[in-house]
Each structure stands twice: as C-alpha cells, then as structure tokens.
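The values are calculated or read from the model by the stated rules, or taken from the named source; none is laboratory data. The model shown is predicted, which means the values in this text are computed figures rather than measured ones. Cβ placement follows ideal geometry from the backbone for every residue including glycine, while neighbour counts extend to all protein chains displayed. Only protein heavy atoms, including side chains, enter the accessible area calculation; ligands, DNA and RNA are left aside. Shrake-Rupley method; radii C 1.70, N 1.55, O 1.52, S 1.80 Å.
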Amino acid sequence: MKITFQKLSLPKTGALVLGVMSGCKLLPLGVEVDAAVDGLLTQAMKDARFDGDDHQTLSVATPRGAVLLYGLGDGESIDELWAEKAGGSIFAALAKTGASKINVIFEPHASAEEGIALRAAHMAFAAQLRAYRFDKYKTQLKNDDLPSLQQMVLLVDKTAAARRAFASLEAVAEGVCLTRDLVSEPPNVLYPESYAKRCAALKELGVKVEVLGEKEMKKLGMGALLGVGQGSVRESKIVVMRWNGASNSRAKPLAFIGKGVTFDTGGISLKPAGGMEDMKWDMGGSGTVVGLMHALAGRKAKVNAIGVIGLVENMPDGNAQRPGDVVTSMSGQTIEVINTDAEGRLVLADVLHYTATKYKPVFMIDLATLTGAMMVSLGQVNCGYFANDDDLSDKIAAAGKATGEGVWRMPLGAEYNKQLDSDIADMKNVGPRWGGAITAACFLERFVGKTPWVHMDIAGMAWTSKDSPTVPKGGTGWGVRLLNRLVADNYE
Ligand code: BES
Ligand code: MN
Ligand code: ZN
C-alpha cells in the first residue's frame, strides 16, 4: 500500500477518515465536511449513539463519498501506540469497502505540537503492518477477496518530519513482514538450505552473509546441534548475518541468535499428530532475527550487529538421535539426550557458545519457540524472558513498553539449574515437568559464559490465530519492533 503525507486541507478525492473528540466534537476540517453534506455526520452520530470515545468507529455514506468517523476520546491518550492501534484498525475497517484511497485527518492537537508528525508516521507504519498478506499459495482469489485500498494519505502540517520518521519505520515494517513470510512458509519449501538462500538476499542491503554447513560444524565440534539434524535428509546450516553500521567498523557487535527448527516432529520422542503442522513455525526465533537484521540494515542503523541462526529439521529416522544418546557440545560439555523433542536448546547450546567465543559480542539475545511450558505460564500476551544481567533486562523491558510488545521477566537460579544434572553426563536436556520454561533457560545459561545475555521464549508469540490492530492472523513477526527499538534507544 502506498503511503503519502500531505498538508492539512480538504482533499478532492478519496474516502475520508475524520477524528472526532468525545461529545461528538468534529475537528475543524470535519466541521467543513459536515456543513457540505448538510449536517449528515452530526445526524449519523446521534442516530448511532456515536460519541467519539477512544477508538470508537462509525462509517457514514455521504454524497461526498465514504466517511469513517474515528473516536479520539478527550485526546489525552493519543501517543505513538494509540496511533498504531488507530492506523491498523482504520486499514482493517476500510480495506475491502471498495475505496482505493483514504485520507486520514486525526490529530486534535495544535499543528505546531511536537510529536504529531511522529504519530502520523506510526499510524502509517501500523497500516502497513496490518496490510500484510501471505497469499502466494492461493491460486483462486477473486477480486473481492483482495483489498481495494491502495493508498493512504495522512494529513499533517509537518510533512517533511513525518516522511523522515516514516522512512525508518518502513524499514522496520519490511523486517516484520519478512519474518512473517519466513514463519508462514510451509516446511517443504523452507528447510535449512532454502532458508539460508533466503538470508543471502540480505546482501542487497549491505549485510554480509556467511553459511556454515555440516562439514564446518563437525570441525567446530558442534555435536549438540548436529545430533538434532541427524535424522533429516536436509543438511543443517548456521547462517551468520553481519551488519556493520557503526562509525568504528571494528567495534564489538550486538548479537542476536535464533532457534531455526524448520520443522519439529519431536524426533524419536515423536509429537502427537494433532496440531503438529504448527511446528513449521518452530523457526520463529530465527525468523525474528532475520527480520531484525533486515530492519537494521534497511534503516542504516549506526550500530554493529550480528544475527546467528541455527537451522535444522528434527525428524524421526533410522539415523535419528535416540533418547539416551550422549552428545558433546562445542563447549566441551556433554549432554544426555533424555527427550529428542527438547531439541531447540541443543541447537542453541552450540550457536550460543560459537557466537560468544568467536565474536565476543556486547551482549547475546536469543529468541526461540522453546517450550510449551512458557505458553502455559504467560499465554499469548507477554513473552517470558530470562536474563543474567539486570541492566540489559531493564532495557528489554523498556523497549517492550515503548513498542507494545509485552515482556515479563522470569527467574533463573541454582535450585532450578541443578535439576538438569545427569547421572552419566555433564547435564541432561530436560528437567522435571514443573517449571519447564525455566529449566530450559537454565540449560542455555550453561553455554553463555560471562557475556550479558537474554533468552526470550517466544513460543506463545510467534503465531496468532486472531487478528489484532497491527498483526493479522498467522505469523506475527513478534520481536522485530522491540529489538529494533532496543538498538535505537540504547546502542546507536
Ligand atoms: N518447539 C517446541 C516447543 C513449542 C511447543 C513451541 C508448542 C510452540 C508451541 C519444543 O521443541 C518442544 O517440543 N518442547 C518440549 C520440551 C519438553 C520435551 C521438555 C515441550 O515444550 O513440550
Ligand atoms: Mn521439540
Ligand atoms: Zn522445537
């Protein structure tokens, strides 16, 4: 969808979205429109008990064209996140009405006020996020199934500032949509090798992309990761994406690490059939890392960052890893594999150790659809995260608040950690049933060393079966916005 910003004056073509304050108070241009249609808007508000409450909507057909009235409440709660909710909701309300162009007039504050341009940019950003579709495998779409809406015009006085803010946000939206594409792809299409090829496209943005195959990983001693991929006919891969945007190109990078299990059958500890197709999005953590790298490079972030993703397919097979196997990780620590379905932590163990020792990053943040237990704990509302560093933890919490991507800190600790001790190896890959998300995090912590580290268990966040204002159902792209904000607010 095309986004444009224009100076405030009544546009000649296209549908109108008009902000209305509590008490049915139209904004100045709205009053003009109402007069031009003989008070039809005022009458419609009365008839529909529309008052202008926060995010309340009413669509009115007028001789001048379609009008959507949008509630602004008392105007006090309008901030960036308010604008995002509005932008996404407006897109959804008008996407298929037949209108191809809409003009949005929403700001009740004086045009000189700072922040208006930024809010307009966030509104446009949200509309783009909501406009996302994954329909490449639909061959029988009719015209009516497709959105009619092609262009959104936002009316603001400070058009230059709005365009500037939107340019960065557009790169972030592209990153989110890339993540959603990756997460939505079926597992026969997206497997480690084809996934690595998709990552190579980031080179066009100036990202350096390096791919390790099984031969290299064997040499490095990555027995934990390789054991997981052992039952698959697809070769396991690690992809390292590097964006050098800092003025000192040798400055230590920030490191983002992702679980990329392109399909998780559970392996020999086979999962039940019902819902197993969901495990195509068990690469969601890596998808967020790729989308983030796209966002950072797309907006030319002044930072050095690397994304390192471990790509494997977890399959049952004559050659698959068995419960009871003992594998040796790159760190030298041995792991008794009690359950082959606890595979994500085995992949991350080697990727974390590799990243920490090879790149000596400022911090490591890993993302993984790691445990069903995390979904039991926090549902699909907040992402549970674990940290060995309070400062980094606080920054994650702040970025979550700023972007509306909710997070909640979970505990680590020796009492949990020791539950992973094994009788015959340095550790086992699962603890007892209770606190499963926590013992999984404790497992990862054993491979992190002294690097400041955060683990985000996005099992509940990567996929949604319900539309929300900025996230259509399907792959969410969760975390790209949050991590981009973390970088922008603290490391550029
Ligand atoms: N990929 C799953 C976790 C998962 C489940 C993510 C549902 C999203 C939705 C992970 O590999 C897994 O199978 N975890 C097991 C761990 C258990 C064997 C200790 C789980 O959560 O049941
Ligand atoms: Mn599993
Ligand atoms: Zn998994």
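Some values worked out for this structure:
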read-out	value
Test: residue in the stretch 113-122 that is among the basic types (Lys, Arg), modelled with pLDDT of 95 or more and either in the same structural domain as Leu296 (by TED's automatic domain parsing) or open to solvent by less than 40 Å² (accessible area, probe 1.4 Å) (or both)	yes
Any hit, the stretch 466-481, residues being of a type in the set (Val, Ile, Thr), open to solvent by less than 10 Å² (accessible area, probe 1.4 Å) and within 22 Å of the chain's Cα centre (by Cα)	yes
Evaluation of Ala201 against (1) small (Gly, Ala, Ser); (2) away from ligand 2 (no atom under 16 Å from the Cβ); (3) touching a residue at least 24 places away in the same chain (Cβ under 8 Å) (one fails), failing number	(3)
Residue within the stretch 242-253 that is crowded, with 24+ Cβ neighbours inside 10 Å and within 26 Å of Ser465 (Cα to Cα) present	no
Any hit, the stretch 330-345, residues being in a helix (DSSP H, G or I) and in contact with a strand residue (DSSP E or B) (Cβ under 9 Å, 6 or more places away or on another chain)	yes
Criterion: free of Cβ contacts under 8 Å to residues at least 12 places away in the same chain and either in contact with a Pro (Cβ under 6 Å, 6 or more places away or on another chain) or not aromatic (Phe, Trp, Tyr) (or both) - qualifying residue of Asp426, Asp390, Asp366, Asp457	Asp390
Failed criterion for Phe363 (all others in (1) away from ligand 3 (no atom under 16 Å from the Cβ); (2) open to solvent by 10 Å² or more (accessible area, probe 1.4 Å) hold)	(2)
Hits in the stretch 323-338 (condition: open to solvent by less than 40 Å² (accessible area, probe 1.4 Å), touching a Ser or Thr at 6+ places or on another chain (Cβ under 7 Å) and within 14 Å of His353 (Cα to Cα))	Thr334
Single condition Gly258 does not satisfy, out of (1) within 12 Å of ligand 1 (Cβ to nearest atom); (2) surrounded by 18 or more Cβ atoms within 10 Å (Cβ to Cβ)	(1)
Sole exception among (1) open to solvent by 10 Å² or more (accessible area, probe 1.4 Å); (2) in contact with a helix residue (DSSP H, G or I) (Cβ under 9 Å, 6 or more places away or on another chain); (3) assigned by TED's automatic domain parsing to the domain that holds Arg234; (4) more than 20 Å from Ile90 (Cα to Cα) for Gly175, by number	(1)
Among residues of the stretch 14-43, those that are in contact (Cβ under 8 Å) with a residue 40 or more places away in the chain and not in a strand (DSSP E or B), counted	5
Enumeration of residues in the stretch 149-169 that are closer than 23 Å to Ala15 by Cβ and open to solvent by 30 Å² or more (accessible area, probe 1.4 Å)	Gln150, Gln151, Asp157, Arg163
Members of the stretch 273-291 found to be over 22 Å from the mean Cα position of the chain (by Cα) and either crowded, with 24+ Cβ neighbours inside 10 Å or away from ligand 1 (no atom under 11 Å from the Cβ) (or both), listed by number	Ala273, Gly274
Lone unmet requirement of (1) in contact with a helix residue (DSSP H, G or I) (Cβ under 7 Å, 6 or more places away or on another chain); (2) crowded, with 17+ Cβ neighbours inside 10 Å; (3) touching a residue at least 40 places away in the same chain (Cβ under 8 Å); (4) farther than 21 Å from Gly284 by Cβ for Glu214	(3)
Qualifying residue in the stretch 400-410 (condition: open to solvent by less than 30 Å² (accessible area, probe 1.4 Å), in a helix (DSSP H, G or I) and of a type outside the set (A, V, I, L, M, F, W, C))	yes
Search result, residues across the stretch 46-90 that are of a type in the set (S, T, N, Q) and farther than 15 Å from Leu26 by Cα	Thr62, Ser77, Ser89
Single condition Val471 does not satisfy, out of (1) β-branched (Val, Ile, Thr); (2) within 16 Å of ligand 2 (Cβ to nearest atom); (3) in contact (Cβ under 8 Å) with a residue 40 or more places away in the chain	(2)
Flag if Val209 is in a strand (DSSP E or B) and hydrophobic (A, V, I, L, M, F, W, C)	yes
Matching residues in the stretch 238-278 - criterion: being closer than 24 Å to Leu482 by Cβ and part of a helix (DSSP H, G or I)	Asp278
When residues of the stretch 452-465 are limited to those that are in a loop (DSSP other than H, G, I, E, B) and open to solvent by 20 Å² or more (accessible area, probe 1.4 Å), the one farthest from ligand 1 (Cβ to nearest atom)	Pro452
Residues that are open to solvent by 20 Å² or more (accessible area, probe 1.4 Å) and assigned to a strand (DSSP E or B), drawn from the stretch 44-61	Thr57, Leu58, Ser59, Ala61
Answer from Asp341, Asp350 - the residue that is within 16 Å of ligand 3 (Cβ to nearest atom), charged (D, E, K, R) and open to solvent by less than 10 Å² (accessible area, probe 1.4 Å)	Asp350
Close pairs (7 angstrom Cβ cut-off, 6 or more residues apart or separate chains): at negative phi and at pLDDT 95 or above in the stretch 296-308, crowded, with 23+ Cβ neighbours inside 10 Å and among the hydroxyl-bearing types (Ser, Thr, Tyr) anywhere	Val308/Thr355
